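Notes follow once the structure below has been shown.
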Amino acid sequence: MGNCLHRVEPARSSENFTQLTLDDEFWNYSDYGNDSLKGLDYDSSLEAAAPCHSCNLLDNSSLPFFILASVLGILASGAVLFALLRPLFHWQLCPGRPILAQLAVGSALFSIVVPILGPGLSSTPSTALCRLGYCVWYGSTFAQALLIVCHACLGPRLGAGQAPGFTLGLTVGLWGVAALLALPVTLASGTSHGLCSLRSSKDLKILQFIHTVGCLVIFILLPLGLLCTKGLMKALGRGPGPWVGILWAWFIFWWPYGVLLGLDSLVRFRLLLLPTCLAQQVLDLLLNLAEALAILHCVAMPLLLALFCYQATHTSLPSLSLPARWSHLDTLGDKS
């Protein structure tokens, strides 16, 4: 993915260097004490003369990766959703089956919009399509995170005997919160150079800041908070706490993205100054790798669901087969 071996020639030429030198001399000798204005013009001239070029892994050459992840995610999510709605191999015994089915739906929705936001699929994507893609992309992601946390907190109480009204209200509430969390990035998205991306406008910085905070809370603080709660409750002897299982491996795919997105936002808002151009290039490269890892969750999520149901059913079947075996022996005893 990406053509990282191609060296981008710097924009610095003899004319730019001469102009920069003349401007520097002009500000040194003609500006009487206006240091802030001098620094601003010098920085902008320096950036125009020698920009910091970063390698973009997710460019047009990475379109096969987006398409392959989308196809595999749709097929895997569809198979797991079919198995949950039409139970196979005793999957009706999985605790919290409504939550698990919604996780499969969220993974399928994410897989569908992956090619829309992938570079190279369309030369001129519309702004409405880009906003819809970002809305579904982050809305389904936030919904999956909230559903995993809800499944961990409620656990076996989300069985088939649960009241339909409670399940419906919980579903509407979780997906509604996920849609609200995805609203800032939806409004800040658009088209730039023929690609779907976040617009770098000063008026939209507050929306990007809210989106970054939401990602930090959902992908980092929420799982860490539940893990701390579980450890504290277990240490105090007040119950087992939240149910931590194989589904929590989903956060491995989004935790690096949340951390690096926070660092990138600090740099963009000038709250963190990088010492060299190489540091900026490394940050951009790691952010691209984290985004690629996050995309792969649409393939991993159905596999995690299948593994969870396999473990749950194989631990439930022995406990159910034992009473049946005793009743069969009683029947034989009565006949004798």
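The values are calculated or read from the model by the stated rules, or taken from the named source; none is laboratory data. What you see is a predicted model; the values in this text were computed from it and never measured. Positions of Cβ are backbone-derived with ideal geometry, glycine not excepted, and every protein chain shown enters the neighbour counts. The accessibility values were calculated without ligands, DNA or RNA, using every heavy atom of the protein model including side chains. Shrake-Rupley method; radii C 1.70, N 1.55, O 1.52, S 1.80 Å.
With a probe of 1.4 Å, find how much accessible area segment 220-271 has per residue, and write the answer as a whole number in Å². Don't skip to the end; give the middle numbers.
Numbers: 3080 Å² over 52 residues.
In whole numbers, segment 220-271 has 59 Å² accessible per residue.
Which order do LEU147, LEU303 take when ranked by solvent-accessible area (1.4 Å probe, heavy atoms of all protein chains), largest first?
If we order LEU147, LEU303 from most to least accessible, we get LEU303, LEU147.
Residues of segment 285-307 with an amide N closer than 14 Å to a point placed 7 Å from the Cα of LEU272 along the Cα-to-Cβ direction: 285-288.
Among the chymotrypsin sites (Phe, Trp or Tyr not before Pro) in segment 56-119, those placed in a DSSP loop whose Cβ has at most 16 other Cβ atoms within 10 Å are PHE89. Full extension of the chain between THR167 and ASN60 yields a length gain of 34.3 nm, computed as 0.36 nm times the residue separation minus the alpha carbon distance. Give me the percent of the accessible area of segment 147-276 that comes from carbon and sulfur atoms, probe 1.4 Å, all protein chains in place. Whole-percent figure for carbon plus sulfur exposure: 72.
Between ARG86 and VAL217, residue separation times 0.36 nm minus the direct Cα-Cα distance comes to 43.6 nm.
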